[in-house]
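Written out below as structure tokens is the structure these notes cover.
Here, each number is a calculation from the coordinates, and none is a lab measurement. Quantities reported herein were computed from a predicted structural model and do not represent experimental measurements. We place every Cβ from the backbone using ideal geometry, glycine too, and count neighbours over all the protein chains shown.
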Amino acid sequence: MTNPILVTGGSGDLGREVVRRLVAEGRPARIMSRRPRPADEPNEWARCDLKTGDGLAGAVDGVSAIIHCASTLGRGDERVTRNLVEAARRAGSPHLVYISIVGIDVIRSFYYDEKLASESSCRRGSGSSRSAPPTSRIGWSNWCPVRRRGGCRTWAAPIVSLWLPGKAARTFRAGGNLTPENATGVGTFEEFLSSRV
């Protein structure tokens, strides 16, 4: 059997989807979470706190790769990523995939600044590094950011126009968070929203 792939934040929204896809492809997954393992969870589980490092050495031990989906929502992402990178190095430097966001290098906000600093921690901490262009996937590097356009949650509420001031909002309006050269959809965002309301 091959070594598992560690998914940090594996019990969260993004992490659960990553684990589901890994398992569907026949790859063993080890879920890292601060929460205790649910009784019905079939995958390996590593209880760990990335902020304190409790359980981190055991979580990264023996994994073939790490997909870093955990987030502090901007309240220490760089620090927890640095903790993970250092633990990965001590464990033999398995491949590390950092899930990032399109546009963080051009849109200024405290959360995006933390994500960008986390990317830098990954680059500084890996034996070899390569920065992937937005929306690409690179499997052979020890580190690569994967910037994907995010999914949407829909609410049963009316959609209203709302003008947002400021530099970050201006960058969003200018398309700083979009990747038109790698568009994968067949319809517009407006068409998507109208089909949901």
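Take LEU73 and decide whether it is hydrophobic (A, V, I, L, M, F, W, C) and surrounded by fewer than 22 Cβ atoms within 10 Å (Cβ to Cβ).
For LEU73, the condition - hydrophobic (A, V, I, L, M, F, W, C) and surrounded by fewer than 22 Cβ atoms within 10 Å (Cβ to Cβ) - is met.
So, of the residues in segment 89-122 that are among the aliphatic types (A, V, I, L, M) and touching a Cys at 6+ places or on another chain (Cβ under 7 Å), which turns out to be farthest from THR179 (Cα to Cα)?
Filtering segment 89-122 for residues that are among the aliphatic types (A, V, I, L, M) and touching a Cys at 6+ places or on another chain (Cβ under 7 Å), the one farthest from THR179 (Cα to Cα) comes out as LEU96.
From the list LEU50, LEU84, LEU73, exactly one residue is touching a residue at least 24 places away in the same chain (Cβ under 8 Å) and in contact with a helix residue (DSSP H, G or I) (Cβ under 6 Å, 6 or more places away or on another chain). Which is it?
Checking each option against the conditions leaves just LEU50.
Return the total of residues in segment 13-37 being more than 12 Å from ILE67 (Cβ to Cβ) and in contact with a Ser or Thr (Cβ under 8 Å, 6 or more places away or on another chain).
Summing the residues that are more than 12 Å from ILE67 (Cβ to Cβ) and in contact with a Ser or Thr (Cβ under 8 Å, 6 or more places away or on another chain) in segment 13-37 gives 3.
Look at segment 64-111 and say how many of its residues are assigned to a helix (DSSP H, G or I) and of a type in the set (Val, Ile, Thr).
Residues flagged as assigned to a helix (DSSP H, G or I) and of a type in the set (Val, Ile, Thr) within segment 64-111 amount to 3.
Being part of a strand (DSSP E or B) and either small (Gly, Ala, Ser) or in contact (Cβ under 8 Å) with a residue 24 or more places away in the chain (or both): is that true of ARG30 here?
yes
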